[in-house]
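Chemist: Below is a structure I'd like to ask you about.
The values are calculated or read from the model by the stated rules, or taken from the named source; none is laboratory data. All of these numbers come straight from a predicted model, not from anything done at the bench. FYI the Cβ positions are ideal-geometry reconstructions off the backbone, even for glycines, and counts take in every protein chain you see.
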Amino acid sequence: MINTLLANFAPLRLTAILILNINITTMENKPIPDTKNKSSNESDVYLKNLRLTETLNVNDSKSKIRANELFQMSNDHPADELAGVCIEDVHYYDFKNVQSINNTGLASLIDLTKYLLQKGLKVQFVNVNEKIKEKITALELDKVLQCS
Amino acid sequence: MKKYSFLFKPLFYILSLAFATWLVIKIEEVRPSDFGQTETKTPNSRITKEELLNRKKNLRTLFREFKEGKIDSTQFDNKLTFLLEAPAN
Amino acid sequence: MLKQFYFNQFEYRRPYKAISENKYRTLLFQFLSILTIALGIAYLNWRWRYSLNLDALWFSVPLVVAETLSFISTVMIIINFWSNSDPEKTPPIHYLSEIEDIQNGKDRPIRIDIFIASYNEDVELVRYSIIDAKKAIYPYDDVHIQIHVLDDGRRDGRDPLKENMKKVAEEENVNYLIREHNQGYKAGNLKNALENTNGDLFVILDADTRVFPEFLINTTGYFRKRKVAWVQTPQWFYDTTAPEKLSSIINSKLLISNKKISRLVDFIFGKVEINEDIFGNEPRLFYDVILRKRNFHNAAFCCGAGSIHRREAVMNHAIKSFVQQIKIFESNLSKSKIDINELHNLKKALLLEQELIPFKFHASEDIYTSMMLHADKENRWESIQHSEVECKMLSTQDVDSWIKQHQRYAEGSLDIAFKDNPLLIKGLSLRQKICYFSTIWSYFAPLWILIFLLCPIAFFFSLSLPVKAYSFDFFKYFLPFQIMNTITIAIGCWGISTRRGDQYYISSFWFMLMAIYSVIRGKKVKFNVTPKDKGFAKSTQHILPHIIIIALSITGILYNVYLILWGHHPVISGFAANTFWCLFNITALSIMIRAAYWKPTEVKEQLI
C-alpha cells in the first residue's frame, strides 16, 4: 500500500511524520532548537511546501500552513512551516510544537482541509494541545477540523 | 463670518416660515375663507369652554334681538341654523 | 512625469478640521431634542385627531402619514446625534502583543497591509494612490508595511487592448494580486487579498484613495483596545466644485463683452457665489456628524475606502459564518431521509462549496459586514469613526455617475432591510439597531418626499386643503415644532452647512424610488464601479421627473394667480402657504437640474 501511495504521490519523499524545527518559544521560553542538528533524513526531505500532486504550485498558500500564521512568529523562516505526510489518503499534520492558534491560523487550517478534500484526501491534525482544541470546539469547528 | 455661514440656511428657513405664517394670517383678515372656519367632525372633537361661552353669548344675542323685534322669524330661523351649524367664533 | 488629470489643479486643497466636542452644546442639543420630540408628538396628535379634512381624505391622509413617517426619521436622527464619544487617541502600535493576546508566543513587530482595490480605473490614476501609500510614515522601521494592488480587471498584460496595471505595480515596487474571476465583486477581491497576505492589520483603499502620510500613525493606536475591529476615517473629496461668482456666470452665459456692463454685473452680483459642490458630494455631514456620533452607540459602520481593519476580527467572522452555513445545511439534511453514504457525500460537497468569506458578498459589503460584526455577541466587536481626515478621494463629476453610485448604496441598503433587517438581528444592542435602521429608513424617504412634492400641486389644481382646523390651530402646532426642529438640527450639526445635503435629500427622490422598486421586484443588486473620470453627460433622463414636478408647480401657481385675479379663488391664504412650500421644493429640485447641465466656466478657479 505504501508503494501505491508513493507511486500516486511521487513527489512526496516522506515516510514518517515530519516534526518541523519551528522557530517558536515554548511555554517556558526555551531557546529555539537548531535546525542544523536535525537528522540528515529530515534535512533532505525538509520541504518549504507540500507537493501533493504534480500540479501543485510551489507558492500555493492553500497547500501549506505557515506556522507564523498560527502563533505570530517574529520572522519568516523556511522552517516555520508545517509539512505533512500522507498515509492511506489521510494527511497528517503534527501540532506538537504548536502552542496556540488564532483565527487567521484556523482559517488556514480550514482552507487546507478543503483543498486536500478536493484532492480526495482527508486531514488529521495530531498532538493538538487542549487549548487549541478548546478554541476549535468553541467555534464549532470540531466537525470540520479533525484533531486528536 | 464664514465660520457661522452654516447658520444662514436654518435662519432663512425659520424666517421664511414666520413670514409665510404672518402672510397667511393677514390674507385671512383681509379675505376670510373656509380655512379655519369649518369644524372638524370627529368623534373625539370636544367643544372648549371658551367656545361654549361664545356660542352661548351669540345665542343670547339672537334671542334678545328676536324678542325685541329687531329681526323677524325668517331671519331668526336662518341665523339660528347658521349658529348651530357653524363653530363658535 | 506623472500623467496629468483634472484633479491635479486641486492638489493644494487641504481638508477641514473636525468640529471639536463641546459638552455644553451637547447638553443644549439634548434639551432641545426633547422639546422637539414633545412638540412633534403634540403636533401629530393634533393632526391625526383634529385636523383631517374629511371632505378630502384622499389628500389629508397621505399627507399626515408622510408627516408621521418623516417624524420617525427625526426621532432616529435625534437618537443618532444624542451624544459624542470620540475615542482617546493613542500612539501607533509597534508589537503584536499590543493588539492581540499572543499567549506567551514570541512577540514580533506588527505587519500592515495596504490594499488598493482596482478594476477598470486608469492605471496612471491608481499610480497616484500607490505613490501616496508609499509615503505613509511609521515611527518603527521594523514594522513591515506592504502595499498590494488588487486588480479585479486582470490587467496583467494578457490583453494588449487593456492598460497594464501589473507593470505600474512593478514600476512602483508594490505587490500585485489578481484572481481569475470576479465573484463577490469588491468583497471577493478583498477575500482573495486576505488569502494571499498576512498583515495583522489591513487598510482598504479604493483606486483613487490617496492616504496622507500620517494615516497609519493616527489610526493603528486604536487597536490597543482588543475589541476594536475596524477604524473608519472620513472620506474627503478634494475635487468638489469650487464656488463660482454669479457675475462671472452671467457674463459668460450672456456673452457680455461690454466692460461697463460687465463691471455693473460684477458690482451687483459679484459677492454672490454659487455652484459650490454642485453635485452634493461633500460627505462632511455624514462623517463628521452622523457617523462620528455613532461612536457613542458603537454603531459606526465601515464605509470601505479609508478604513483599517483587524484581520483577526474579519477572520473570526468568516469562520463563524462558515460554521453557521454548514449547521443550517446539516440541520436541513438531518430532517430529510437520506442514507448515510449519501449524507456523507453531501456534507463533503457542502464543505467544499462553502467558502470563508470575510466580507459579505454584497453590493454594500461594508455596512453588511459591519452589522454582522457588531452583532457578534461573543466578541462584542467595537468600531471607531476617526474624527480627522486621513485620506482624500475623487468624487463623481456628473449626475449620471452620481446617481449610479447612490443608487447602488440605496439598493444595497434596502436589500439589507428586506433580507437581514437590523431590527431583527440578535446580538445588536437597541441603540445599534436604531442607528442601522435609521440608515436604511432614510432610503425609504422618497415615499414621503414624493407626497411633500405633490401636495402643493394637488392643492393648486383641486383647491382642496389637506387641513381643516379651528381658527389657526394649524400654525399654533406646526410653527413651534418646525422652528424647534430646525434649531435642534442646526445645533446637532454645528459648524456644518446642511443646505446641499437637504437639497439632495429631496432631489434624490426619483432614483431612490427606482431603487425601492428594483429591490421589491427582487432584482439582484449589482455592484457598479463608480467612474472616476470627469464626464459631462447630460443626464436628461435622470432629471425628467424633476422638470415635470417643477413645471406642474409653476403651472399650478399661474393657474391660481389667474383665479385670484378673476376673484374665483376660494382660499387665497392656502395659495400663499402652498406657494411658499412650492418654492422650497423647486429650489431643492433645481439643484439636480443645475448639476446635470453644469460645466466648469472658462474663468480660472480661485485659490481657496
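Chemist: Tell me which residues, restricted to region C:546-600, are more than 28 Å from B:GLU28 (Cβ to Cβ) and out of contact with any helix residue (DSSP H, G or I) (no Cβ under 8 Å at 6 or more places or on another chain).
Modeler: The answer is C:ILE548, C:ALA551, C:ARG594, C:TYR597, C:TRP598, C:LYS599, C:PRO600.
Condition check ((1) within 30 Å of A:LYS131 (Cα to Cα); (2) surrounded by fewer than 21 Cβ atoms within 10 Å (Cβ to Cβ)) across all residues:
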{"residue": "C:ASN84", "(1), (2)": "no, yes"}
{"residue": "C:THR90", "(1), (2)": "no, yes"}
{"residue": "C:ILE99", "(1), (2)": "yes, no"}
{"residue": "C:GLN103", "(1), (2)": "yes, yes"}
{"residue": "C:ARG108", "(1), (2)": "yes, yes"}
{"residue": "C:PHE115", "(1), (2)": "no, no"}
{"residue": "C:VAL123", "(1), (2)": "no, no"}
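Chemist: So, in region C:536-578, how many residues would count as being more than 9 Å from chain B (Cβ to nearest Cβ) and either buried (at least 18 other Cβ atoms within 10 Å of the Cβ) or within 37 Å of the chain's Cα centre (by Cα) (or both)?
Modeler: Total meeting the criteria: 24.
Chemist: When you check A:LEU117 against the structure, is it among the hydrophobic types (A, V, I, L, M, F, W, C), in a helix (DSSP H, G or I), surrounded by 21 or more Cβ atoms within 10 Å (Cβ to Cβ) and at pLDDT 75 or above, yes or no?
Modeler: no
Chemist: Separate question: Condition (residue is without any contact (Cβ under 8 Å) to a residue 40 or more places away in the chain and either within 14 Å of another protein chain (Cβ to nearest Cβ) or on the phi > 0 side of the Ramachandran plot (or both)) applied to region C:109-120: is it met by at least one residue?
Modeler: Taking every residue of region C:109-120 in turn, at least one turns out to be without any contact (Cβ under 8 Å) to a residue 40 or more places away in the chain and either within 14 Å of another protein chain (Cβ to nearest Cβ) or on the phi > 0 side of the Ramachandran plot (or both).
Chemist: What single numbered condition from (1) away from chain A (no Cβ under 14 Å); (2) surrounded by fewer than 21 Cβ atoms within 10 Å (Cβ to Cβ) fails to hold for C:GLN325?
Modeler: (1)
Chemist: A further question on this structure: Filter region C:375-424 down to the residues that are of a type in the set (Lys, Arg) and either in contact (Cβ under 8 Å) with a residue 40 or more places away in the chain or part of a loop (DSSP other than H, G, I, E, B) (or both) and list them by number.
Modeler: Once the filter is applied, which keeps residues that are of a type in the set (Lys, Arg) and either in contact (Cβ under 8 Å) with a residue 40 or more places away in the chain or part of a loop (DSSP other than H, G, I, E, B) (or both), region C:375-424 yields C:LYS377, C:ARG380, C:LYS392, C:LYS404, C:ARG408.
Chemist: Of these, B:LEU84, B:LEU7, B:LEU52, B:LEU80, which one is modelled with pLDDT of 85 or more, assigned to a helix (DSSP H, G or I) and either closer than 29 Å to C:TRP48 by Cβ or in contact with a Leu (Cβ under 7 Å, 6 or more places away or on another chain) (or both)?
Modeler: B:LEU80
Results for (1) under 23 Å from C:PHE81 (Cβ atoms); (2) of a type in the set (A, V, I, L, M), shown as yes or no for each residue.
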position: C:GLU353; (1), (2): no, no
position: C:LEU356; (1), (2): no, yes
position: C:GLU365; (1), (2): no, no
position: C:MET372; (1), (2): no, yes
position: C:ASP376; (1), (2): no, no
position: C:LYS392; (1), (2): no, no
position: C:ALA410; (1), (2): yes, yes
position: C:ASP415; (1), (2): no, no
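Chemist: Sticking with this one: Taking region C:192-220, which residues are farther than 13 Å from C:ILE145 by Cα, within 14 Å of chain A (Cβ to nearest Cβ) and among the polar types (S, T, N, Q)?
Modeler: Of everything in region C:192-220, those that are farther than 13 Å from C:ILE145 by Cα, within 14 Å of chain A (Cβ to nearest Cβ) and among the polar types (S, T, N, Q) turn out to be C:ASN192, C:ASN196.
Chemist: For region C:488-500, enumerate the residues that are in a helix (DSSP H, G or I) and surrounded by fewer than 19 Cβ atoms within 10 Å (Cβ to Cβ).
Modeler: Residue satisfying the conditions is C:ILE491 alone.
Chemist: Would you confirm, using the coordinates I've provided, whether C:SER464 is small (Gly, Ala, Ser) and farther than 30 Å from C:LEU373 by Cβ?
Modeler: Here the answer is yes, as C:SER464 does meet what is asked.
Chemist: Now, a different point. Examine region C:302-310 for a residue that is within 14 Å of chain A (Cβ to nearest Cβ), in contact with a Phe, Trp or Tyr (Cβ under 7 Å, 6 or more places away or on another chain) and within 21 Å of C:GLY199 (Cα to Cα), and state whether such a residue exists.
Modeler: yes
Chemist: Mind listing just one residue for me: the one in region C:463-494 that is under 24 Å from the mean Cα position of the chain (by Cα) and more than 8 Å from chain B (Cβ to nearest Cβ) and, of those, nearest to C:TYR50 (Cα to Cα)?
Modeler: The residue in question is C:ASN485.
Chemist: Does C:VAL203 satisfy the condition of being in contact with a helix residue (DSSP H, G or I) (Cβ under 7 Å, 6 or more places away or on another chain) and either within 20 Å of C:LEU2 (Cα to Cα) or touching a residue at least 40 places away in the same chain (Cβ under 8 Å) (or both)?
Modeler: no
Chemist: Condition first: within 21 Å of A:ILE87 (Cα to Cα) and within 9 Å of chain C (Cβ to nearest Cβ). Now tell me which residues in region A:98-142 satisfy that.
Modeler: A:ILE110, A:ASP111, A:THR113, A:LYS114, A:LEU117, A:GLN118
Chemist: Moving to a separate point now. Report every pair of residues separated by at least 6 positions or lying on different chains whose Cβ atoms are under 7 Å apart, first residue within region C:33-50 and at the interface with chain B (Cβ under 10 Å from one of its Cβ atoms), second β-branched (Val, Ile, Thr) and exposed (fewer than 14 other Cβ atoms within 10 Å of the Cβ).
Modeler: What qualifies is C:ARG49/B:THR42; C:TYR50/B:THR42.
Chemist: Within region A:122-142, is there a residue that is surrounded by fewer than 17 Cβ atoms within 10 Å (Cβ to Cβ), modelled with pLDDT under 80 and not in a strand (DSSP E or B)?
Modeler: no
Chemist: Same structure again: Output the residues belonging to region C:14-35 that are outside any helix (DSSP H, G or I) and out of contact with any strand residue (DSSP E or B) (no Cβ under 8 Å at 6 or more places or on another chain).
Modeler: Across region C:14-35, the qualifying residues are C:ARG14, C:LYS17, C:ALA18, C:ILE19, C:SER20, C:GLU21, C:ASN22.
Chemist: Follow-up question, since we're still on this one. Taking region C:357-387 as the search range and keeping residues that are at pLDDT below 95 and among the acidic types (Asp, Glu), which one is nearest to C:THR220 (Cα to Cα)?
Modeler: Ranking the qualifying residues of region C:357-387, first place goes to C:ASP366.
Chemist: Please verify whether C:ARG179 is closer than 26 Å to C:VAL314 by Cβ, away from chain A (no Cβ under 14 Å) and without any contact (Cβ under 8 Å) to a residue 40 or more places away in the chain, treating the condition exactly as stated.
Modeler: Details: closer than 26 Å to C:VAL314 by Cβ: yes; away from chain A (no Cβ under 14 Å): no; without any contact (Cβ under 8 Å) to a residue 40 or more places away in the chain: yes.
No: the conditions fail for C:ARG179.
Chemist: Quick check: is even one residue across region C:272-291 within 14 Å of chain A (Cβ to nearest Cβ) and either more than 29 Å from C:SER129 (Cβ to Cβ) or out of contact with any strand residue (DSSP E or B) (no Cβ under 8 Å at 6 or more places or on another chain) (or both)? Give the steps one after another, and end with the answer.
Modeler: So the first thing to find is which residues in region C:272-291 are within 14 Å of chain A (Cβ to nearest Cβ), and the list is none.
Taking every residue of region C:272-291 in turn, none turns out to be within 14 Å of chain A (Cβ to nearest Cβ) and either more than 29 Å from C:SER129 (Cβ to Cβ) or out of contact with any strand residue (DSSP E or B) (no Cβ under 8 Å at 6 or more places or on another chain) (or both).
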